[in-house]
Amino acid sequence: MINDGDSLRDMLDSLPPDYIRRQKKLNQKDLENLKQLFSKLSEDDKSGKPLEVFVSNLMNSIQLHEINNNIRTSTNEIDLFLRTNDITRAFYEKTLPILKENFIIECKQYHEKINVTWVNKFYSLLRQGDYKIGIIFSLEPLTGKNEWDSSKGVCSKVALKDDIFILNFYKKDIEDILNGKNFIDIVEEKLIQLKENIKIKILSHQNEKYVN
């Protein structure tokens with residue numbers, strides 16, 4: 001029960017654990033709009049704008065954070081910058097704490113896997129802006145035979161070395177969202193997987209000390 005004078009944190013503490021996740025579930029109208037935008041992604045558009053428009057609409061529909069499009073830095077342009085505030089910080093502290101941070105999104109509408117060069121450029125943007133999380137939306141996944149190879153390997157090494165988490169949402173993830181899967185759930189799954197990769201790597205190095 002919420003009483004007069006209760007703080008936002010008191011209110012959030014009184015809510016069911018999955019309340020915020022349920023609030024971020026897309027409604028039917030949003031899904032239909034996003035499906036229409038998604039259908040345009042197969043077009044050969046080198047500007048990448050259809051994907052950027054899709055992701056911007058997705059973020060607006062979820063109402064994750066305040067969205068700023070095409071932010072210029074001294075050296076680059078950020079496709080989407082998601083800015084947090086006191087309310088969203090309190091919200092995600094109870095749900096998925098890393099989402100209480102400001103973060104950036106890059107959109108790559110290429111019909112080929114995302115190579116190391118692009119991931120390294122994105123990593124540079126994250127470091128310059130002191131961001132702890134960044135998401136690359138793409139049609140194809142990152143390159144790499146395993147989680148420590150090629151572009152996937154860059155993400156694992158960056159997470160291990162700098163505690164910066166680069167997540168990739170590609171066509172399959174987008175289709176899952178359009179089929180009703182919760183965006184926050186997918187973010188959590190990808191973070192857990194990345195952290196598990198790091199944990200395994202650390203343990204393997206520790207075991208090597210005893211073998212050698």
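The values are calculated or read from the model by the stated rules, or taken from the named source; none is laboratory data. Small disclaimer: the values here were computed from a predicted structure and weren't measured. Using ideal geometry, Cβ is built from the backbone for each residue, glycine included, and neighbour counts are taken over all protein chains shown.
Among the conditions (1) over 16 Å from Y170 (Cα atoms); (2) surrounded by fewer than 17 Cβ atoms within 10 Å (Cβ to Cβ); (3) not hydroxyl-bearing (S, T, Y), the only one that K100 does not satisfy is (2).
Can we say F137 is in a strand (DSSP E or B) and surrounded by fewer than 20 Cβ atoms within 10 Å (Cβ to Cβ)?
Numbers: in a strand (DSSP E or B): yes; surrounded by fewer than 20 Cβ atoms within 10 Å (Cβ to Cβ): no.
Against the criterion (in a strand (DSSP E or B) and surrounded by fewer than 20 Cβ atoms within 10 Å (Cβ to Cβ)), F137 does not qualify.
In summary, S74 fulfils each of the numbered conditions (1) modelled with pLDDT under 90; (2) touching a strand residue (DSSP E or B) at 6+ places or on another chain (Cβ under 8 Å); (3) not in a helix (DSSP H, G or I) with the single exception of condition (2).
Being surrounded by 13 or more Cβ atoms within 10 Å (Cβ to Cβ), at pLDDT 95 or above and outside any loop (DSSP other than H, G, I, E, B): is that true of E188 here?
Details: surrounded by 13 or more Cβ atoms within 10 Å (Cβ to Cβ): yes; at pLDDT 95 or above: no; outside any loop (DSSP other than H, G, I, E, B): yes.
The answer is no for E188.
Within the stretch 95-114, at least one residue is more than 27 Å from K49 (Cα to Cα) and without any contact (Cβ under 8 Å) to a residue 12 or more places away in the chain.
Here is a check on your reading of the model: is N60 assigned to a helix (DSSP H, G or I), surrounded by fewer than 15 Cβ atoms within 10 Å (Cβ to Cβ), in contact with a strand residue (DSSP E or B) (Cβ under 8 Å, 6 or more places away or on another chain) and free of Cβ contacts under 8 Å to residues at least 24 places away in the same chain? Against the criterion (assigned to a helix (DSSP H, G or I), surrounded by fewer than 15 Cβ atoms within 10 Å (Cβ to Cβ), in contact with a strand residue (DSSP E or B) (Cβ under 8 Å, 6 or more places away or on another chain) and free of Cβ contacts under 8 Å to residues at least 24 places away in the same chain), N60 qualifies.
I'd like to verify a number: residues in the stretch 168-178 that are in a loop (DSSP other than H, G, I, E, B) and free of Cβ contacts under 8 Å to residues at least 24 places away in the same chain, how many? First the steps, then the outcome.
In the first step, residues of the stretch 168-178 are kept if they are in a loop (DSSP other than H, G, I, E, B); the result is 170.
When the remaining residues are screened for being free of Cβ contacts under 8 Å to residues at least 24 places away in the same chain, the result is none.
Going through the stretch 168-178 one residue at a time, the tally reaches 0.
Per the listing K145, K108, the residue uniquely crowded, with 19+ Cβ neighbours inside 10 Å, among the basic types (K, R) and modelled with pLDDT under 95 is K108.
The set of residues in the stretch 148-167 that are crowded, with 19+ Cβ neighbours inside 10 Å and in a loop (DSSP other than H, G, I, E, B) is empty.
Only one entry of L51, L34 meets the criterion of being under 21 Å from I177 (Cβ atoms), in contact (Cβ under 8 Å) with a residue 24 or more places away in the chain, out of contact with any strand residue (DSSP E or B) (no Cβ under 7 Å at 6 or more places or on another chain) and buried (at least 17 other Cβ atoms within 10 Å of the Cβ), and that entry is L34. Contact annotation: residue pairs with Cβ atoms under 7 Å, 6 or more positions apart or on different chains, pairing a residue in the stretch 115-127 that is at pLDDT 95 or above and assigned to a helix (DSSP H, G or I) with a partner that is crowded, with 19+ Cβ neighbours inside 10 Å and of a type in the set (S, T, Y), are V116/S151; V119/S151.
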